[in-house]
Amino acid sequence: MDNFLRRVDLNLLVTLDALLTEHNVTRAAARLHLAQPTVSIQLARLREIFGDPLLLPGPRGMRPTRRAEELREPLRLALEALRQAVAPSEPFDPARARQTWRVMASDYAESTIVLPALAGLREEAPGTRLAVLQLIPPALARQAERDLDLAFHIGEEAPPGLRSRLLFTERYVLAGRRGHPRLKRRPSLEQFRRLDHAIVSSDGGGFQGVTDSALAERGMARRVALSVPHFLFLVSALAGTDLVAMVPSRLMRGNPALQAVEPPLELPGFDMMMLWHERVHRDPAHQWLRDRIARSV
């Protein structure tokens, strides 16, 4: 079969399809916008390749041989499949789309990226579905290669080899419940370290973070009274207690139960990235999804 395919010019198969449709060399030539002698030469070449006359003279043009009849429908289907495969992608119409999007996000990214984009996605692409998967950093690259559309993760921990787009740069603020007596104004560094703090520990149960590293450089420490795995729980804990926490500023948006002040020490922020695999980079539907989310944050 491989040797046979190497001998066949695709143009010859297109000519054969036209001949089997028209049963006439002249009409096939007109259909293909070719000169009649050219089509006659190609028919001779096809006869040689297939070892069959393919088309024989008849009372009303040419009649196909049995071999040609066997070729007619498979050839038509194969050429149509090839046309569809190489045709330019049609513009994406979100109103008619039926995609199921799969995105991976932490609870922080769910609140600051997915949720703000959700209303717009539902309005512009109502026939699509969205599956939000828990962010598991070690599995991110593998999932992106298989069936993941997007992931949202901090830039310094983004797996190499994925496409990326900066969504925003985040900074930290000192947050606590609305009316917290120690957050009426920006505390001094000494006041700050004597507060009871809460922390999100991505590795589970840890009581040390970037704030503690910054304090340690000054020969200082703070009291961390609560360690939680998710920002959603942290926000709820702050609202119901006198605990404070260094939180990304976007988590404070639209939350009347919390208030924030500038911390007395500067912490490095982080870049929030949108990540995707090369396999979907040029897909019109995926390009629309990326742009729609980027406009929402």
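Take every Cα pair under 8 Å in the stretch 201-261 that's 6+ residues apart, average their separations, divide by the length, and report that relative contact order as a whole percent.
28
How much accessible area per residue does the stretch 10-86 have, counting only protein heavy atoms and a probe of 1.4 Å, in square angstrom?
Per residue, the stretch 10-86 has an accessible area of 61 Å².
Figure the gain on full extension for GLN134 and ALA78 (residue separation times 0.36 nm, minus the Cα-Cα span) and round it to one decimal in nm.
16.0 nm
Where only protein heavy atoms count, and the probe is 1.4 Å, what is the accessible area per residue for the stretch 172-268 in Å²?
54
If you work out Kirkwood radius over Cα pairs in Å from the coordinates, which of [x] 20.7; [y] 19.2; [z] 24.6 do you get?
[z]
Would you work out the relative contact order for the stretch 10-86, in percent, from Cα pairs under 8 angstrom that are 6 or more residues apart?
28
Counting only C-alpha contacts under 8 Å and six or more residues apart, can you give the relative contact order of the chain as a whole percent?
Relative CO of the chain lands at 21 percent.
For the chain, modelled as a GNM with alpha-carbon contacts under 10 angstrom, which of THR112, THR21, THR241 fluctuates the most?
Maximum fluctuation in the GNM of the chain, among the listed residues, is at THR21.
Ranked highest first by average number of other Cβ atoms within 10 Å, how do 143-152, 228-237 line up?
Result, highest mean Cβ count within 10 Å first: 143-152, 228-237.
Ignoring ligands, DNA and RNA, please state the percent of accessible area on the stretch 84-205 from carbon and sulfur, probe 1.4 Å.
With neighbouring chains kept in place, the figure for the stretch 84-205 is 47 percent.
Give, in nm to one decimal, the length gained when the segment between SER202 and ARG218 is fully stretched (0.36 nm per residue of separation minus the Cα-Cα distance).
Here the segment from SER202 to ARG218 would lengthen by 3.3 nm.
Skipping prolines and chain starts, which residues have an amide H placed within reach, meaning under 5 Å, of the one on PHE168, given they are 5 or more residues away or on another chain?
MET272
The values are calculated or read from the model by the stated rules, or taken from the named source; none is laboratory data. Keep in mind that what you see is a predicted model, and the values were worked out from it rather than measured. Here Cβ is always computed from backbone atoms with ideal geometry, including for glycine, and neighbour counts include all displayed protein chains. With ligands, DNA and RNA removed, areas are computed over all heavy atoms of the protein, side chains included. Shrake-Rupley method; radii C 1.70, N 1.55, O 1.52, S 1.80 Å.
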